[in-house]
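Everything on this sheet refers to the single structure shown next.
The values are calculated or read from the model by the stated rules, or taken from the named source; none is laboratory data. None of these values were measured; they are calculated from a predicted model. In this analysis, Cβ positions are derived from the backbone assuming ideal geometry, glycine residues included, and neighbour counts consider all displayed protein chains. Surface areas here come from the heavy atoms of the whole protein model, side chains and all, with no ligands, DNA or RNA. Shrake-Rupley method; radii C 1.70, N 1.55, O 1.52, S 1.80 Å.
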Amino acid sequence: MRFLTRSLTALFLAAMALGLLAYAGALVRDTIEARAAREEMPRMARERVFSARVVSMQPGAMAPVLSAFGEVVSRRTLELRATSAGRVLSLAEGFEEGAAVRAGQVLVRLDPRDATAARDLVQTDLARAEDELRDAQRALELERLDLSESEAQRDLRRRAFERRQSLSERGVGTEATVEEAELAYAAARAAVIARQQAEAEAEARVASAETALARARINLAEAERRLAETEVVASFDGVLSNTTAVAGAHVAANEQLASVIDPDALEVSFRLSTAQYLRLLDPQGALIPARAEVALELGGLEITSPGQVSRVAPSVGEGQSGRLVYAAIEAPRGFRPGDFVIVRITEPELPGVALIPATAVDSAGGVLVLAADDRLEAATVEVVRRQGDSALVRPGALAGREIVAARNPLLGAGIRVRPQRDAPGAAL
C-alpha cells in the first residue's frame, strides 16, 4: 500500500514538471513570434521638439553703459615739507596716520632760534637804513638852502656888476672897479655850480638810502617769513598721510614731514581704449561731461557714488595705450585714495537699438528667429555694443520678432521648438 502511494506521488510530480516545461516552451514561442511580427512592421519617425527661451526685439533709444576699472586719487593733496634744516621742536596733538586736521592748525614746530636771530639782525639793519635816510634827507635840505643862498649871492653880484658897468659907461667909475665886480660875479656863479653839484650828491645819497631801506624791508619780510615757516600749518581741512616727523629729530631742508589729503575732493582715474574714448567725444572733438557711477566692492557689499567725467590726461604715457580719463566723485563718503573701483559711464543715447541677451547672438551677429509653426530661421543683426551679459543690436527688418535667448549646438535653422516666454517686465 505504501509502495502504491509513493508511485502515484512520483507520477503526479512528473506530470506537473512536464506540464510546466510545455507552458514555458509555449511562452518562448509566442515571444519570438511577437518580436518577429514587430520587426516586419514599418517604423514611424517622430520629430524632436526642443524647449527654448525666446525674447522679443523691441527697438528704441537706449544709452549704453561703458565699464572700466580705475583707482581713486585725491584732487587736493598738500605735502608738508621743512623749508629749512632744523630740529623738530613739537608736533600737534594726534599727529599720526589718518588723523583729521583743520585749516590753519599748526602741525609741526621747528626750532625758531636761528630764524629769530636772523630776523633781529635784519631789524637792526632796517633801523640803520632808516637813520641813514633821515640823515640824507636833512643833508639834502641843507644843500638846497645853501644853493638858494648861493643863487641869491649870484644875483646880487650880477646886479652889482651891471651897475658898475653902467657907471663906467657914463664915465663915473673906473675900469678896475668894473673888473673887480665882474670877478665877484664869476665867483658867485662858480659857487652856485658847486652848490648844485652838492645838491645832486645829496639827492643821490637820499636815493641810495631809500634803496637800502627798501632792501632792508624786503630782508625783514623774508626773515619774518622764514620765522613763520618754522610752524608748518595745514592750509585746508583733511586727514594726515605719510607721517614721518618725530619730535626732537633733525630734519633737512625740503624734507617731507607728512601729507594732508582732502577726503571730500576725490576722483577716479581709469584707462579706456582709443575706441571707447572716441565714444565720449562730441562732434567738435571735446570730451563730454558724461555721467558715471563709481562702485567699490567690500566683502559682498558695494559702495556707490555718482560721478562725472571731468578731463583726460594730456599724454598717453611711455609704454601705455588708450587714454587715461578722470571722473570726479560727487559723494566720496567711504572712498579712500588707492581704492580699486569699477566705473560705469553712461554713453550718449543710441536710437533704434534693442537690448537682448549676449548669448542670443554669435560673434558674426547671427541670431535664430522664431518663425511660423514655431520653427527657427537664421538671420543677422548689427551688434552695436556688448556690455556684460547683454548686447545692443540694430534689428532692422527683424524689429518686433522673437529670437532664441540662448543659442546651443542642438538648435539651428529649421528646428522646431517649444517657445518659453518670460513674464512681462522680467529682466533679460
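Structure summary
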| item | result |
| --- | --- |
| Yes/no for Leu257 being out of contact with any Gly (no Cβ under 8 Å at 6 or more places or on another chain), assigned to a strand (DSSP E or B) and farther than 19 Å from Val343 by Cβ | yes |
| Flag if Thr359 is closer than 30 Å to Arg46 by Cα and open to solvent by 60 Å² or more (accessible area, probe 1.4 Å) | yes |
| Hits in the stretch 234-254 - residues which are part of a strand (DSSP E or B) and open to solvent by 50 Å² or more (accessible area, probe 1.4 Å) | His250 |
| Within the stretch 365-420, considering residues that are among the β-branched types (Val, Ile, Thr), in contact with a Lys or Arg (Cβ under 9 Å, 6 or more places away or on another chain) and open to solvent by 20 Å² or more (accessible area, probe 1.4 Å), the one nearest to Glu349 (Cα to Cα) | Val384 |
| Of all residues making up the stretch 85-98, the number that are exposed (fewer than 15 other Cβ atoms within 10 Å of the Cβ), part of a loop (DSSP other than H, G, I, E, B) and touching a residue at least 40 places away in the same chain (Cβ under 8 Å) | 4 |
| Failed item in (1) without any contact (Cβ under 8 Å) to a residue 60 or more places away in the chain; (2) more than 17 Å from Val72 (Cβ to Cβ); (3) not in a helix (DSSP H, G or I), with Tyr277 passing the rest | (3) |
| Verdict on Glu79 being of a type outside the set (A, V, I, L, M, F, W, C) and in contact with a Phe, Trp or Tyr (Cβ under 7 Å, 6 or more places away or on another chain) | no |
| Candidates Glu293, Glu229, Glu302, Glu267 - the one that is open to solvent by 20 Å² or more (accessible area, probe 1.4 Å), touching a residue at least 60 places away in the same chain (Cβ under 8 Å) and out of contact with any Asp or Glu (no Cβ under 9 Å at 6 or more places or on another chain) | Glu229 |
| Enumeration of residues in the stretch 315-343 that are of a type outside the set (S, T, N, Q) and open to solvent by 60 Å² or more (accessible area, probe 1.4 Å) | Glu318, Gly319, Arg323, Glu330, Arg333, Arg336, Phe340 |
| Hey, Leu257 within 17 Å of the chain's Cα centre (by Cα) and open to solvent by less than 10 Å² (accessible area, probe 1.4 Å) or not | no |
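This table checks each residue for (1) of a type in the set (A, V, I, L, M); (2) surrounded by 13 or more Cβ atoms within 10 Å (Cβ to Cβ); (3) touching a Ser or Thr at 6+ places or on another chain (Cβ under 8 Å); (4) farther than 18 Å from Ala245 by Cβ.
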| position | (1), (2), (3), (4) |
| --- | --- |
| Ala68 | yes, yes, no, yes |
| Val73 | yes, yes, yes, yes |
| Val101 | yes, yes, no, no |
| Ala117 | yes, no, no, yes |
| Asp125 | no, yes, no, yes |
| Ala139 | yes, yes, no, yes |
